[in-house]
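Below is one structure, written out as structure tokens, with a few remarks after it.
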Amino acid sequence: GTIANYLTIDGNLERNIFSKSLRLLDDVQLDIGSSDDFRIKHTSANNATFIQNFTGNLNIEQYADDSDIIFRSDDGSGGVTTYFKCKGDETVTQFVQNTNHQDNAKATFGTGLDLEIYHDTSNSYVTAKGTGDLIIQNTTDDKDIIFQSDDGSGGTTEYFRVDGGENRIVYSVDG
């Protein structure tokens, strides 16, 4: 029986102000832009929600100082978990969960895509492409770089290592 403000059309600010939640039912989409350039919708047919952009770039921007963009999803057991973050306070993308690159999907590094890591259907590759040396480096004091491979009986064994504490190369298997 009381009067409540649900919608204000403010001519001074040139905007419409909603004071209560806005609910669009299943299969009703929100189109934004003069040519319906951007759309948010939920479909009942496949119970899916879509954020769609039909022209130009789709930008997601965070302006709050030292704040993050956090991507969360189902964790497989009824809850949600963070999968990755764009960390504004550290200017870094942080992967919280494992990542999976399918066969032949390359992880590339460098402006000129100078380093590739990938697996084809048979072999795995770390490839430096066209610029500089490929450097494998361990900077932990008195620690090693260990090279292991299949041992011929279902396990792995060390074949050789660069021993940082002893300053030498140790061959563990006779060649």
(request) Return yes when residue 55 is among the hydroxyl-bearing types (Ser, Thr, Tyr) and exposed (fewer than 10 other Cβ atoms within 10 Å of the Cβ) and no when it is not. (result) no
(message) I want to confirm something. Restricting to region 101-137 and keeping residues that are closer than 26 Å to residue 162 by Cα and hydroxyl-bearing (Ser, Thr, Tyr), which single residue is surrounded by the most Cβ atoms within 10 Å (Cβ to Cβ)?
(response) 118
(message) For the condition hydrophobic (A, V, I, L, M, F, W, C), more than 18 Å from the chain's Cα centre (by Cα) and more than 27 Å from residue 97 (Cα to Cα), what is the one hit in 45, 64?
(response) 45
(message) Quick test of your reading of the structure: residue 76 fulfils all but one of (1) on the phi < 0 side of the Ramachandran plot; (2) loosely packed, with under 12 Cβ neighbours inside 10 Å. Name the failing condition by number.
(response) (1)
(request) Can you work out which of the residues in region 59-73 that are in contact (Cβ under 8 Å) with a residue 12 or more places away in the chain and at negative phi is most open to solvent (accessible area, probe 1.4 Å)? (result) 65
(request) Restricting attention to region 131-168, report how many residues are under 27 Å from residue 116 (Cβ atoms) and not in a loop (DSSP other than H, G, I, E, B). (result) 13
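The values are calculated or read from the model by the stated rules, or taken from the named source; none is laboratory data. What you see is a predicted model; the values in this text were computed from it and never measured. Heads up, the Cβs are rebuilt from the backbone with ideal geometry, glycines too, and the neighbour counts pull from every protein chain shown. With ligands, DNA and RNA removed, areas are computed over all heavy atoms of the protein, side chains included. Shrake-Rupley method; radii C 1.70, N 1.55, O 1.52, S 1.80 Å.
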